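Right, I'll just put the structure down here and ask away after.
The values are calculated or read from the model by the stated rules, or taken from the named source; none is laboratory data. The model shown is predicted, which means the values in this text are computed figures rather than measured ones. Cβ placement follows ideal geometry from the backbone for every residue including glycine, while neighbour counts extend to all protein chains displayed. Side chains included, ligands, DNA and RNA excluded: accessible areas come from the protein's heavy atoms. Shrake-Rupley method; radii C 1.70, N 1.55, O 1.52, S 1.80 Å.
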Amino acid sequence: MERNHLTAFEVGGFKKFARLKIEDIGQYNLIVGDNNVGKTSLLEALMCHENPHYFLDALDDIMLYVKRFNNLREPVLSYFFSTFGTTSPVRMYFREFFSGEPAKDLGFTKYSGYRFSTDNRSADNSSLHEIDSDNGQIKFHKKEVTGAGYFFNINIPYIPFGNYYTHELTEKYSEYIQVRVDKKSAFVHALRVLIPGLENIEVNAGFSSTPVLLIAEEGKNNLQPLGMYGDGALKIFRILLSIFSDKQIYSRLMIDELDAGVHHSRLTGFISALLTMSKDNQKQLFATTHSKECIQSFAHALKEKGLEAEGRIIRLADTPDGIMAYTMRYTEFENALNADSEIR
Amino acid sequence: MQPFTIFAEGKSDTKFIADYLKTIFGLDPGNVAFVPLGSWSGYKTEGKPTAAIRQAHDSGKRIILIADADNNFEDRQKEVLSDFDRFKIPVALFLFPNHQQPGNLEDLLTDIAVRRDLMACFFEYEKCVAQYRKKLGHARIYAYLDMLLSDRPKQEREKLLKAEHRDYTIEQHWNLHHHALQSFKTFLSSLLSLPSAGE
């Protein structure tokens with residue numbers, strides 16, 4: 001484990017988490033659990049950052065991805081606050097534990113639905129988060145983060161479910177990968193897990209009114225647009241961009257529905273490549289799944305790469321005490337898989 | 001009745017228990033939570049309770065653990081109860097065949113097999129091959145069923161021989177009212193009649 005990787009994590013007042021603590025986190029973590037138990041919410045919570053502005057930008061970006069709002073007139077933080085105790089001040093907090101270091105705390109407090117402030121000592125631009133009451137409606141000050149993402153132009157390491165081809169991929173690829181020979185070579189190599197015949201990736205401005213990514217394959221004369229290679233290829237392209245991009249603020253990578261769009265026969269290879277890339281780039285991986293095949297492939301890939309010691313399955317479950325997290329090490333989930341025990 | 005989760009060693013144990021609960025207690029197997037452990041000690045990992053055990057406990061479920069006594073009933077019982085005492089998690093434990101003697105599920109199934117004439121053949125066979133292999137429990141049950149299902153089409157027979165598809169409710173094959181099951185029935189009766197915390 002790298003020094004900046006989480007060993008434990010606690011979140012409270014965030015969406016449906018009154019208080020959730022996850023212990024014994026590994027470098028490669030697969031999050032499982034029933035529908036609506038909070039798997040995606042946990043990925044969102046893991047976007048917390050000691051600079052609250054980055055965190056806000058990330059949440060803002062996530063909402064754009066999932067199209068929860070058509071425009072960002074709604075308060076960003078308001079959506080993520082839990083509904084617990086809405087009539088009194090509510091605190092949304094995050095606590096990060098790192099190996100051999102004291103816990104790092106980050107929190108936001110919501111005062112009676114009128115005002116947000118940040119608890120973070122290092123943040124001085126708290127006016128950014130203030131809102132006023134206007135005829136019972138909550139509005140942000142003009143300075144609030146309402147832009148269409150990339151407000152700070154940081155790399156948001158969040159790969160959402162069902163996000164298709166957009167020109168943002170071309171822009172990022174051109175900016176971070178195309179011009180760097182070493183990065184491009186590693187990028188192309190990694191993408192071959194889903195496009196085995198891949199020879200080169202080109203940015204072509206003459207193909208349509210805006211530049212597009214074109215794939216050159218061995219033995220094929222015509223270049224094909226990346227968008228034609230399906231969800232799996234787009235997903236790994238996004239993952240690779242996130243790992244290889246500059247402006248890395250986070251040391252972790254969050255992927256929602258890891259196996260979506262990937263054929264089961266390619267899952268182990270896909271996850272093996274992902275583990276290798278995460279290892280080589282010192283990334284801590286958090287991904288969700290509903291699929292037993294994905295869990296099995298995760299176990300196979302960990303074994304294949306000799307990374308069993310750092311693999312975890314984190315199961316979220318609804319209990320009378322709220323949502324709880326149960327961390328399983330490799331031996332435990334391998335045993336459960338062998339016994340055909342349900343661990344999703 | 002307090003909700004419960006049954007932790008059993010494997011698929012054959014799980015199917016047998018499900019069929020028994022259905023026949024004797026009228027419980028729909030679809031409403032019973034089963035967790036196969038893979039081995040008798042599959043409730044723990046690195047000396048700690050597994051996630052499945054912790055989750056069941058946190059969810060207010062009574063934990064029922066059903067495993068084989070194997071070679072020494074007292075030792076197996078002592079180790080399991082001592083582990084759960086250390087976990088501070090209550091457990092209801094039953095060890096096959098009868099929670100008194102060494103043995104396993106296959107010993108119990110041998111006792112409740114209806115066709116004694118067939119079983120007698122296997123006993124003779126086992127005597128003959130004893131110098132090569134002592135315990136033939138799994139093979140005995142498989143061979144017993146294979147004989148009884150010999151009139152079925154091949155694909156169906158192969159499916160019904162698999163642990164998770166065996167049908168212990170067929171009265172011509174198994175006697176689920178056999179006295180060898182009395183201690184198991186008493187164990188389950190006591191648990192199923194327990195009121196939940198709010199009752």
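Open to solvent by less than 50 Å² (accessible area, probe 1.4 Å), more than 10 Å from chain B (Cβ to nearest Cβ) and not in a helix (DSSP H, G or I): does that describe A:Met254?
Against the criterion (open to solvent by less than 50 Å² (accessible area, probe 1.4 Å), more than 10 Å from chain B (Cβ to nearest Cβ) and not in a helix (DSSP H, G or I)), A:Met254 qualifies.
Could you tell me whether any residue of the range B:25-48 is assigned to a helix (DSSP H, G or I), within 14 Å of chain A (Cβ to nearest Cβ) and touching a helix residue (DSSP H, G or I) at 6+ places or on another chain (Cβ under 8 Å)?
The initial filter retains those residues of the range B:25-48 that are assigned to a helix (DSSP H, G or I), namely B:25, B:29-31.
Next, from what is left, pick out any that are within 14 Å of chain A (Cβ to nearest Cβ): B:30.
The next check asks that each one be touching a helix residue (DSSP H, G or I) at 6+ places or on another chain (Cβ under 8 Å); those that pass are none.
No, every residue in the range B:25-48 fails to be assigned to a helix (DSSP H, G or I), within 14 Å of chain A (Cβ to nearest Cβ) and touching a helix residue (DSSP H, G or I) at 6+ places or on another chain (Cβ under 8 Å).
What are the pairs with Cβ atoms under 6 angstrom where one residue, in the range A:204-227, is closer than 17 Å to A:Phe187 by Cα and in a loop (DSSP other than H, G, I, E, B) and the other, located anywhere, is modelled with pLDDT of 90 or more and not β-branched (Val, Ile, Thr)? Sequence gap at least six, or different chains.
From the range A:204-227, the pairs are A:Glu218/A:Gly197; A:Glu218/A:Glu199.
Quick one: in the range B:1-24, of everything that is within 15 Å of B:Pro90 (Cβ to Cβ) and open to solvent by 20 Å² or more (accessible area, probe 1.4 Å), which residue is farthest from the other protein chains (Cβ to nearest Cβ)?
Within the range B:1-24, the subset within 15 Å of B:Pro90 (Cβ to Cβ) is B:2-7.
Remaining after also requiring open to solvent by 20 Å² or more (accessible area, probe 1.4 Å): B:2-4.
Numbers: B:Gln2: 13, B:Pro3: 11, B:Phe4: 15 Å.
Of everything passing the filter in the range B:1-24, B:Phe4 is farthest from the other protein chains (Cβ to nearest Cβ).
Here are some conditions: (1) open to solvent by 60 Å² or more (accessible area, probe 1.4 Å); (2) touching a helix residue (DSSP H, G or I) at 6+ places or on another chain (Cβ under 8 Å); (3) touching a residue at least 12 places away in the same chain (Cβ under 8 Å); (4) within 14 Å of chain B (Cβ to nearest Cβ). A:Asp318 meets all but one. Which one does it not meet?
That leaves (2) as the condition not met.
Right, another one. So which residues in the range A:1-17 are in a strand (DSSP E or B) and out of contact with any helix residue (DSSP H, G or I) (no Cβ under 7 Å at 6 or more places or on another chain), if there are any at all?
Of the range A:1-17, the ones in a strand (DSSP E or B) are A:6-14, A:17.
Answer for the range A:1-17, where residues must be in a strand (DSSP E or B) and out of contact with any helix residue (DSSP H, G or I) (no Cβ under 7 Å at 6 or more places or on another chain): A:Leu6, A:Thr7, A:Ala8, A:Phe9, A:Glu10, A:Gly12, A:Gly13.
Residues in the range B:59-90 that are of a type in the set (A, V, I, L, M), surrounded by fewer than 19 Cβ atoms within 10 Å (Cβ to Cβ) and away from chain A (no Cβ under 14 Å): how many?
Selection size over the range B:59-90: 1.
Based on what the data block shows, is A:Asp259 out of contact with any strand residue (DSSP E or B) (no Cβ under 6 Å at 6 or more places or on another chain), closer than 24 Å to B:Thr5 by Cα and open to solvent by 20 Å² or more (accessible area, probe 1.4 Å)?
Taking the combined requirement at face value, the residue does not satisfy it.
One line per residue, one yes/no per condition, for (1) at positive phi; (2) away from chain A (no Cβ under 14 Å); (3) surrounded by 15 or more Cβ atoms within 10 Å (Cβ to Cβ):
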{"residue": "B:His138", "(1), (2), (3)": "no, yes, no"}
{"residue": "B:Leu145", "(1), (2), (3)": "no, yes, yes"}
{"residue": "B:Pro153", "(1), (2), (3)": "no, yes, no"}
{"residue": "B:Ala163", "(1), (2), (3)": "no, no, yes"}
{"residue": "B:Gln172", "(1), (2), (3)": "no, yes, no"}
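Could you run through the range B:76-103 and say how many residues are closer than 22 Å to B:Gln182 by Cα and not in a helix (DSSP H, G or I)?
Adding up the residues that qualify gives 13.
At pLDDT 80 or above, of a type in the set (Gly, Ala, Ser) and farther than 24 Å from A:Ser242 by Cα, is that true of A:Gly13?
yes
Among A:Leu337, A:Leu274, which is the only one that is within 20 Å of the chain's Cα centre (by Cα), touching a residue at least 12 places away in the same chain (Cβ under 8 Å) and either buried (at least 16 other Cβ atoms within 10 Å of the Cβ) or closer than 30 Å to A:Gly13 by Cα (or both)? First the steps, then the outcome.
Working: A:Leu337 fails: within 20 Å of the chain's Cα centre (by Cα).
Just a single option satisfies the conditions, and that option is A:Leu274.
Condition first: β-branched (Val, Ile, Thr) and closer than 19 Å to A:Met277 by Cβ. Now tell me which residues in the range A:185-214 satisfy that.
Passing the criteria: A:Val188, A:Val193, A:Ile195, A:Ile201.
Yes/no per residue for (1) without any contact (Cβ under 8 Å) to a residue 60 or more places away in the chain; (2) of a type outside the set (S, T, N, Q):
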{"site": "B:Asp83", "(1), (2)": "yes, yes"}
{"site": "B:Pro90", "(1), (2)": "yes, yes"}
{"site": "B:Pro102", "(1), (2)": "yes, yes"}
{"site": "B:Leu136", "(1), (2)": "yes, yes"}
{"site": "B:Gln155", "(1), (2)": "yes, no"}
{"site": "B:Ser183", "(1), (2)": "no, no"}
{"site": "B:Phe187", "(1), (2)": "no, yes"}
